[in-house]
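Right, one structure below, let's go through it.
Just so it is clear, none of the values below were taken in a lab; they were calculated from the coordinates. Owing to the predicted nature of the structure, the values given are computational and were not obtained by experimental measurement. Using ideal geometry, Cβ is built from the backbone for each residue, glycine included, and neighbour counts are taken over all protein chains shown.
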Amino acid sequence: MRRGERIILWAVAAVLAAGLARALMLESGARDKEIPFYSAAPPETARAAMDLYRKYRCKDCHSLYTLRDMLQAVPAPMLDGIGSLRSRDWLFAYLSSPDPQQILPSRLKPQYRMPSFAALPVDERNLLADYLASLKVKDWYLQETRRLEHEKLTGEATLPASQPGSDK
Ligand code: HEC
């Protein structure tokens, strides 16, 4: 092989290697931008729960990726990933409590606080709890989801080293 040919071969190899490296980088970049929230609920549950979610105006205060409400004015925690932070039993008890602030203290003015949904029919509370418990967050975004929740609930931007009682 002549010297000129060898140079061309090396140049082609370098271009191919650069292309491969770029493709790999794009691949990992795409993963960073992947939406970390999802629901593990069957479609019928999701649909029925979303009807209640609208009917009881949860969306006036809470954000949920699947149901953006841009007019939202209350700094309520987002509910995306809530099923990775709270158990189904906790969620059912919270929705059933005559005074939700006894379970989760509020820093907000009374009119912005989580209302009591204790008066809803038990099957509706069950359905909402099932659906909320199905809203998961992928592991790589769990810690950031915890931090965002903590910030909404307390106004503090950083998580304490340990959070007694705030977990399942
Ligand atoms: C008036 C505004 C408002 C409405 C309407 C509302 N919420 Fe809330 N919700 C809040 C606020 C604010 C909090 C945080 C606790 C507090 O400050 O009372 C909260 C907390 C929660 C939490 C606990 C979140 C966490 O981080 O642990 C869940 C779950 C929840 N709400 C579900 C619902 C569901 C389901 C509905 C509809 C049936 C609903 N909320 C309707 C304002 C609201």
Put in order of increasing Cβ neighbours within 10 Å, starting from the fewest, Arg3, Arg107 give Arg3, Arg107
Normalise the Cα radius of gyration of the stretch 39-154 by 2.2 N^0.38 Å (N = residues in it) and let me know the number. 1.00
Rounded FRET efficiency, nearest 0.05, which uses the C-beta distance separating Arg88 from Tyr65 and R0 of 25 Å: 0.80
Among Lys136, Lys152, rank each residue by its count of other Cβ atoms within 10 Å, from fewest to most, as a rough exposure measure. Lys152, Lys136
Computed FRET value (nearest 0.05) for Arg57 with Glu156, which takes r as the C-beta separation and R₀ as 35 Å: 0.80
How far is it, in nm, from the label point at Gln111 to the one at Arg2 when both lie 7 Å from their Cα along the line to the Cβ? 8.6 nm
